[in-house]
2 protein chains.
Amino acid sequence: MLPRGLRQLSGLRRGTSSLGIRPPYLPRPSQSRGLAGTLPELTKDRYPHVKRGDYATLDGNHLKFFTGLLGENRVLTDPSECEGYNVDWIKNVRGYSQCVLKPKTTEEVSKILSFCNEHRIAVCPQGGNTGLVGGSVPVFDEVVLSTALMNEIISTDDTSGVLVCQAGCILETLDSHLAPHGLMMPLDLGAKGSCHIGGNVATNAGGLRLLRYGNLQGSVLGLEAVKANGEVLDCLSTLKKDNTGYHLKHLFIGSEGTLGVVTKVAIQCPPKPKSVNLAFLGLNSFDNVLKVVKKAKHELGEILSSCEMMDALTMDLVVSHLKLKCPLIEYPFYMLIETQGSNQNHDEEKIDRFLEVAMEEKLVLDGTATNEVSKMKNIWDIRERITEALNHDGYVFKYDISLPIENFYSLVPAMAERLGSDAKRVCGYGHLGDGNLHLNITVKEFTQDVLKKIEPFVYEFTSKLRGSISAEHGIGFRKPKYMHYSKSPASIQLMKQLKALMDPRNILNPYKVLP
Amino acid sequence: MLPRGLRQLSGLRRGTSSLGIRPPYLPRPSQSRGLAGTLPELTKDRYPHVKRGDYATLDGNHLKFFTGLLGENRVLTDPSECEGYNVDWIKNVRGYSQCVLKPKTTEEVSKILSFCNEHRIAVCPQGGNTGLVGGSVPVFDEVVLSTALMNEIISTDDTSGVLVCQAGCILETLDSHLAPHGLMMPLDLGAKGSCHIGGNVATNAGGLRLLRYGNLQGSVLGLEAVKANGEVLDCLSTLKKDNTGYHLKHLFIGSEGTLGVVTKVAIQCPPKPKSVNLAFLGLNSFDNVLKVVKKAKHELGEILSSCEMMDALTMDLVVSHLKLKCPLIEYPFYMLIETQGSNQNHDEEKIDRFLEVAMEEKLVLDGTATNEVSKMKNIWDIRERITEALNHDGYVFKYDISLPIENFYSLVPAMAERLGSDAKRVCGYGHLGDGNLHLNITVKEFTQDVLKKIEPFVYEFTSKLRGSISAEHGIGFRKPKYMHYSKSPASIQLMKQLKALMDPRNILNPYKVLP
């Protein structure tokens, strides 16, 4: 007789499917941004120790230059129009910029930066504004340089799989564009409906399938960037191999707009899979979660495309606030395991065998597996809408940590115990396959007292385990003073030297990244 | 009835196999270096336009410091002992260093560089000395800093697949070390028996399986490097995701020892495949080669691990000089297609189906496919010993070019026509799946006249097609003055600024990389 869970597996499995169609995602965060709701305190007031730099204050002559260059429609100065560019979408930080610039071309970006550099006007480059560490909005009155109108797809090469596009293209739009070419974007994240590829590159975004398709440092073949002084740097190689001198593109991948503004990207896109399978599993201990991830890597090998986990309190968030339905009864832990491959029969055989053994060995207590698009979408929705659900739970303290996989979850109970009734909720989920935990703590409202209980404890804990205090979200505005928990003094010193070399007047995204 | 070629496919296919054992490789180049043979002219004489920099000349006090630090056994000064470190293994360039240093630890490297920087002694860092552009040997009398004794494997994590080791570990040794852990190195190249992982990282080596396992920029998780001034930079993260500030490791990946000396590496190692299959195919046109590579990418998908090609004149090299046996009759083009996967039955089904269709469509005229270790080794030997065979053919002009795949082979007939009887042989082979052509021209002996016919023509041709003048070999000593064919003036300027920042006294690997 089959174990209990397998019956359910069989029940849900293998409906009518449209192979090759990937699960749809979260509505664009912009659709649910709801700026009409409560605005966060201004950053300058919440973080009074951060002082405005000695930058020019925007005047009529500056605006005249900008409108002369871009026309009036692409220079926003109306405070209500600027508001959305001043607040991050998790309503954590808020600047008061009075000017948003919307260039369409590299040449316009170059002229803007050249002018700002000359007049020492601080600039905050902004993509889709989906960042989670306050890196994409102004701290004070920096001019916002939005890539929203830089959304041209320049070329798509079916043979080599190389896509070249402007920085402001939305990730999901690019993925949809690639589908008829039999290709897909090598990265995927919950914010795909809003985030810009330029922002992804500038922040070295990771996401849901890094496990399979690698990081942007590997898949970005080339890029074009504009330096602080307006000089255009053409590193837009479309070749897989190009060892001619220093690999300058890496200065811009992950430096969060502080060393230059990425204007174009050439990216290696993998073939769109012909077969996608998704399993959602219930487990009773983190020990078993660990055993299952090891088994998945071993048994599913080259087709394993995602390996995510969430705990019971995280599941409760999406069920309570978004009324999503959990396909299983309550378990302490849930896992989501996806395969992408080129042969449906082969892939099914692999995943069936993997699940059978995992259930026989009682590692997995219950589960559901499917290749039906609508059912896969429902399961992915649970995972991808966690951030949205968190916003309904109260003020959110967000941490994005890399830890050795054995200690992946240890921070969550440690933090819950430390905070006790000070926290409304302490929950953990994330990219288990890459050792990347998202720890979230919700409270009724922000207080310095709770913040002091959380930080620097969370960073000390991570540092002791040789983890990273920011796995994929970056440093942004929120974390510069904690960078030393992950980086040596010599490294930080060299970063400062690079900043001084690339942006000697410090106009690009000031108050961010560097301590 | 089966087409002719398929019978042969069936004949050779599927003997007794030891799954999971990867093909062995080329004997270490050092074993066939044969320095007893003709030595090349000294670089200073062959390239008289390159002038020695204003560096200190080694004196007794310097040597006293070095022997005090390392002991006499690890400071080589005997000219015959130094000779092997002065000549590259293809006997193309030759320095006259009178001192080879063999540190064992990062601290020793740090003290050496600190001393050399203070006394302005030029230093040539050297790994396995298997480079092909003269980057790894001195040009004049630079002190050689050899990583040969820095060969400790520091840790191997079975769960995460992360290997941490010193820079002087030999690639093949690391791969053998990983096998019992169920892991493999993510890169593989002909020189694996000699090359050091530190040199691989410093030159951003590509190799035979980049197609599948990606580049070092993606798979190197962290590294430790010593700056020119002796400062140790600890970027030795072992985490897959770590977005805490600028990604400094990339300054050292591919900068060929000019910005610092890599001393330790942390590298993400993929699971060793449970199933390996290899096909060797004969084709009658490059058009068909192109069709087959597209089909292989499509049909073999996630298990395609290598896609190489060679032309008839290349095959003749290994048959004539090394007496290797070609498994097929003569065709204008040969292809080598390898799969690595986790399920032998699935992989065989995929490759069989792919080959059947390719032969039915007359794209492939004949072929042999096998998973037997000894037969795979014989086939790989043909591909991997080409460089060795070339050395028997005369003086070799080597070019390592990236080209858009449609134009991958066009340079070979163009060059053959241009050189006519001036060349003994003009042949092309390489990493087709990555668009990386190795063009080799042999002549009886080096003459400036032939060189002038080849260069800059070869670079102009490549540049017009927006290719790269060095796909994976790097710039080294041979190509700085041609870098502008692949890089913009603004990029070269920024490279020079980075060099000035990192190595202001220009002691690290001078005369290399930068124009």
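The values are calculated or read from the model by the stated rules, or taken from the named source; none is laboratory data. Here the structure is a predicted model, which is why all the values come from computation and not from measurement. FYI the Cβ positions are ideal-geometry reconstructions off the backbone, even for glycines, and counts take in every protein chain you see.
Within the bounds of segment A:243-261, is there any residue that is crowded, with 24+ Cβ neighbours inside 10 Å, at negative phi, in a strand (DSSP E or B) and more than 7 Å from every other protein chain (Cβ to nearest Cβ)?
yes
Within segment B:145-201, which residues are part of a helix (DSSP H, G or I), aliphatic (A, V, I, L, M), over 26 Å from A:Lys291 (Cβ atoms) and at pLDDT 95 or above?
Those that are part of a helix (DSSP H, G or I), aliphatic (A, V, I, L, M), over 26 Å from A:Lys291 (Cβ atoms) and at pLDDT 95 or above: B:Leu171, B:Leu174, B:Ile197, B:Val201.
For segment A:395-417, give me the residue count where each residue is within 13 Å of chain B (Cβ to nearest Cβ), buried (at least 20 other Cβ atoms within 10 Å of the Cβ) and assigned to a loop (DSSP other than H, G, I, E, B).
Qualifying residue count for the region: 2.
Check segment B:418-428 and report whether any residue there is within 9 Å of chain A (Cβ to nearest Cβ) and either over 26 Å from B:Leu211 (Cβ atoms) or not β-branched (Val, Ile, Thr) (or both).
There is no residue in segment B:418-428 that is within 9 Å of chain A (Cβ to nearest Cβ) and either over 26 Å from B:Leu211 (Cβ atoms) or not β-branched (Val, Ile, Thr) (or both).
Does B:Val450 satisfy being touching an Asp or Glu at 6+ places or on another chain (Cβ under 8 Å), in a helix (DSSP H, G or I), away from chain A (no Cβ under 12 Å) and at pLDDT 95 or above?
The answer is yes for B:Val450.
Which ones in segment A:286-317 are part of a helix (DSSP H, G or I), away from every other protein chain (no Cβ under 11 Å), among the aliphatic types (A, V, I, L, M) and in contact with a helix residue (DSSP H, G or I) (Cβ under 8 Å, 6 or more places away or on another chain)?
A:Val289, A:Val292, A:Ala296, A:Met315, A:Leu317
Restrict the check to segment B:201-210 and report whether at least one residue is more than 10 Å from chain A (Cβ to nearest Cβ) and over 24 Å from B:Leu300 (Cβ atoms).
yes
Which of the residues that make up segment A:318-367 are in a helix (DSSP H, G or I), among the hydrophobic types (A, V, I, L, M, F, W, C) and farther than 23 Å from A:Asn440 by Cβ?
A:Ile351, A:Phe354, A:Leu355, A:Val357, A:Ala358, A:Met359
For segment B:485-500, which positions are surrounded by 17 or more Cβ atoms within 10 Å (Cβ to Cβ), assigned to a helix (DSSP H, G or I) and not polar (S, T, N, Q)?
The answer is B:Tyr485, B:Ile492, B:Leu494, B:Met495, B:Leu498, B:Lys499.
Condition first: of a type in the set (Asp, Glu) and farther than 18 Å from A:Tyr331 by Cβ. Now tell me which residues in segment A:364-383 satisfy that.
A:Glu372, A:Asp381
Yes/no per residue for (1) more than 7 Å from every other protein chain (Cβ to nearest Cβ); (2) at pLDDT below 95; (3) under 25 Å from the mean Cα position of the chain (by Cα):
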{"residue": "A:Ala471", "(1), (2), (3)": "no, no, yes"}
{"residue": "A:Gln493", "(1), (2), (3)": "yes, no, no"}
{"residue": "A:Ala500", "(1), (2), (3)": "yes, no, no"}
{"residue": "A:Asn509", "(1), (2), (3)": "yes, no, yes"}
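Provide a single number: the residues in segment A:63-79 that are in contact with a strand residue (DSSP E or B) (Cβ under 8 Å, 6 or more places away or on another chain) and either more than 22 Å from A:Met150 (Cα to Cα) or surrounded by 17 or more Cβ atoms within 10 Å (Cβ to Cβ) (or both).
Matching residues across segment A:63-79 total 5.
Of all residues in segment B:35-55, which are surrounded by 14 or more Cβ atoms within 10 Å (Cβ to Cβ) and modelled with pLDDT of 95 or more?
The answer is B:Leu42, B:Thr43, B:Lys44, B:Val50, B:Arg52, B:Gly53, B:Tyr55.
Given the criterion more than 23 Å from the chain's Cα centre (by Cα) and either under 17 Å from A:Asp352 (Cβ atoms) or not hydroxyl-bearing (Ser, Thr, Tyr) (or both), identify the matching residue among A:Leu322, A:Leu336, A:Leu283.
A:Leu283
So is A:Glu360 surrounded by fewer than 18 Cβ atoms within 10 Å (Cβ to Cβ) and free of Cβ contacts under 8 Å to residues at least 24 places away in the same chain or not?
no
Does any residue of segment A:105-114 turn out to be touching a residue at least 40 places away in the same chain (Cβ under 8 Å) and within 17 Å of A:Thr43 (Cβ to Cβ)?
No, that holds for no residue.
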